[in-house]
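K.L.:
Could you have a look at this structure, given as structure tokens, before my questions?
None of the figures in this text is laboratory data; all of them are computed from the coordinates on show. Keep in mind that this is a model prediction, so the values were computed, not measured. Positions of Cβ are generated from backbone atoms using ideal geometry, with glycine treated the same way; all protein chains shown enter the neighbour counts.
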Amino acid sequence: MDHFSIIQALCRSAMADPSPAVRKQVERLRVALEKEGNEKQAASIAGILATAQRAKEVAPSRIERSRAQLTGETLGPNTPVPVDRETAASLAQIMFPNDIASRPPLFNPTVTQAVGTIIEEWANFDAFADIGIAPSKTCLIYGAPGTGKTRLALWIARELSLPVVLVKLDGLVSSFLGTTARNIGNLFAFANRYRCVLLLDEFDAIAKVRDDPQEVGEIKRVVNALLQNLDSRRDVGFTIGITNHPKLLDPAVWRRFEVQLEIPKPDFEMRKAIASHFMPPIIAPDSHLRLIAWFTEGSTGAEIESLVRTYKKAMAVRESERLDLLGTLRQFATLNAARVQSERRALLFEEPTTLFRAMRDDPMLGFSMTDIGEIAGKDKSTVSRQLGKALKHDEER
């Protein structure tokens, strides 16, 4: 379907607060796509419908009842946070649900569904209590930098209507013997006093393997203090840990988390969806979105967002000075060499026919000669002639 990315964005916006009529039309679209054999597009619309349904089921009143089951006081804007005794630096930052973006981060359907189960568990707190179990109260989120882990953790807190006690764990580390363990104790005592989500960012800064020969004995005491405090909070509130380096974590730390959620780098369809998400108010052709998704093979959501910003800057200048898409990609690859897969970067600076051939032959792109010509600023017959000459040359060699 032409312009599907725009249709997808419209469906996502409409389903944020849908009427029955809107939902019916989106469902009709899904059925039509399925009948036409557009399985990927139908699955994408089905994912939007499923997300909207989960949001509907997790009604605020149900979350409010679940939240009421947590012990503790209400955390307010003027509540003083604990500080480091030696430096007087705050040990945490408080964020309230209204301060957090309402739109969920974009992930593949598997991750999205897994996150939905966490929210659903809290929405069914009462039903779980009737059979003697509780929703998951500890979650470790790990993956490469820039994959949206912190954004996801904050969004979960918003969905639970709970304030966040956000802690950068490297900020708890002190050069004074014993101070780090004391900071951890004070921080957990504060979080346990209030109804909140305790978000431990950069978790590996403290939760390192205790038998690391490069670490002094102090790290063992710090990890033990962290484990003891995690245990003490198990039945008190919701705790989320975030790390970019899961291999550094002590095995005992892993056992403290009921949910262990890996955030992978996005696949082609997700990269295209992320590019589309960050593109407004610019309306990019579908071929541009596909090429951006192709070019960012192996990239994270943050890196794709950075490329989209570069694209939008190029589109914002005067028409006579506007960069073409390939020029924009070359500019980005030059200024962000470490963020771009070497194979993709090399193709950008090869002879045009080499790049055109790669674009034509890649099944994920599915580019026609017209698409390639539009991207390269040439007509399709010129592109065809160039590729034909290159093929003839290869045959003669």
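K.L.:
Grab the alpha carbons of the chain, take their convex hull, and tell me the volume per residue in Å³.
P.N.:
Normalising the Cα hull of the chain by residue number yields 197 Å³.
K.L.:
May I pose another question? Please report the relative contact order for the range 58-263, taking Cα pairs under 8 Å with a sequence separation of at least 6, and give it as a percent rounded to a whole number.
P.N.:
30
K.L.:
What is the chain's relative contact order, in percent, from Cα pairs under 8 angstrom and six or more apart in sequence?
P.N.:
15
K.L.:
Here is a further query. When the label point is put 7 Å from the Cα of THR87 along its Cα-to-beta-carbon vector, which residues of the range 230-246 have a backbone N closer than 16 Å?
P.N.:
So the set is empty, nothing qualifies.
K.L.:
Ordered by residue, what ³J(HN,Hα) values in Hz, to whole numbers, does the range 222-231 give under the Karplus form 6.51 cos²θ - 1.76 cosθ + 1.60, where θ = phi - 60° and Gly and Pro are x?
P.N.:
Rounded to whole hertz, the list is 5, 5, 4, 5, 5, 4, 4, 6, 4, 5.
K.L.:
For a quick protection proxy, order the peptides 289-298, 338-347 by their average other-Cβ count within 10 Å, most packed first.
P.N.:
Order by mean packing, descending: 289-298, 338-347.
K.L.:
Please compute, for the alpha-carbon atoms of the range 58-263, the extent along each of the three principal axes and give them in descending order in Å.
P.N.:
Rounded to whole Å, the extents work out to 49, 37, 34 Å.
K.L.:
Hey, another quick one. Rounded to the nearest 0.05, what FRET efficiency do ALA346 and ARG385 have when you use their Cβ-Cβ distance and R0 = 30 Å?
P.N.:
Result of the calculation: an efficiency of 0.80.
K.L.:
For the range 274-287, in order, what is each residue's ³J(HN,Hα) by Karplus, 6.51 cos²θ - 1.76 cosθ + 1.60 with θ = phi - 60°, in whole Hz (x at glycine and Pro)?
P.N.:
So the J values, rounded to whole Hz, are 5, 4, 5, 4, 8, 6, x, x, 5, 9, 8, x, 4, 5.
K.L.:
Return one number: the angle in degrees, 0 to 90 and rounded to the nearest 10, between the long axis of the Cα atoms of helix 20-35 and the longest principal axis of the Cα atoms of the chain.
P.N.:
Relative to the chain, helix 20-35 is tipped by roughly 50 degrees.
K.L.:
Hey, another quick one. Using a 10 Å cut-off around each Cβ, can you sort PHE238, PHE268 from fewest to most neighbouring Cβ atoms? The partial results should precede the final answer.
P.N.:
Details: PHE238 25, PHE268 15.
Starting with the residue having the fewest Cβ neighbours, the order is PHE268, PHE238.
K.L.:
Quick one: check the C-alpha center-to-center distance for the range 230-303 versus the range 137-173, whole angstrom.
P.N.:
If you average the Cα positions of each part, the centres end up 12 Å apart.
K.L.:
Separate question: Arrange the following residues from fewest to most other Cβ atoms within 10 Å of their Cβ: ASP2, ASP235.
P.N.:
Going from least to most buried by this count: ASP2, ASP235.
K.L.:
Using only Cα atoms, what Kirkwood radius does the range 89-210 have, in angstroms?
P.N.:
16.0
K.L.:
Let me ask you something else. How would the range 241-332 be classified by its alpha-carbon gyration tensor: rounded, prolate or oblate, with rounded meaning a/c under 1.5 and the a/b versus b/c comparison settling the rest?
P.N.:
Note, shape of the range 241-332 comes out prolate.
K.L.:
Per the helix-only calculation at 222 nm, which mean residue ellipticity applies to the chain, given -39500 (n - 2.57) for every DSSP H run of n ≥ 4 and division by its residues, nearest 500 deg cm²/dmol?
P.N.:
Theoretical 222 nm ellipticity from helices: -16500 deg cm²/dmol.
K.L.:
Could you compute how fast the range 266-396 diffuses translationally, taking Rh as the Kirkwood radius over C-alpha pairs and applying Stokes-Einstein at 37 °C with viscosity 0.692 mPa s? Give it in µm² per second. Please report the intermediate quantities before stating the final value.
P.N.:
Numbers: Rh = 15.2 Å.
In µm²/s, the coefficient is 216.
K.L.:
Right, next: State the answer as a single residue: which of LEU387, PRO82, THR150 lies farthest towards the positive end of the charge dipole of the chain, with beta carbon charges of +1 for Lys and Arg and -1 for Asp and Glu, about the Cα centre.
P.N.:
PRO82
K.L.:
Taking 25 Å as R0, compute the FRET efficiency from the Cβ-Cβ separation of ASN244 and ARG23 and round it to 0.05.
P.N.:
Numbers: r = 39 Å, r/R0 = 1.54.
After rounding to 0.05, the efficiency reads 0.05.
K.L.:
For the range 1-57, what's the radius of gyration and Dmax over Cα atoms, in angstrom?
P.N.:
In Å, with Rg to one decimal and Dmax whole: 10.7, 33.
K.L.:
How large is the direction-averaged shadow of the alpha-carbon convex hull of the range 188-315, in nm²?
P.N.:
11.1
K.L.:
Right, next: Relative contact order for the range 266-396 using alpha-carbon pairs under 8 Å, separation at least 6, rounded to a whole percent?
P.N.:
21
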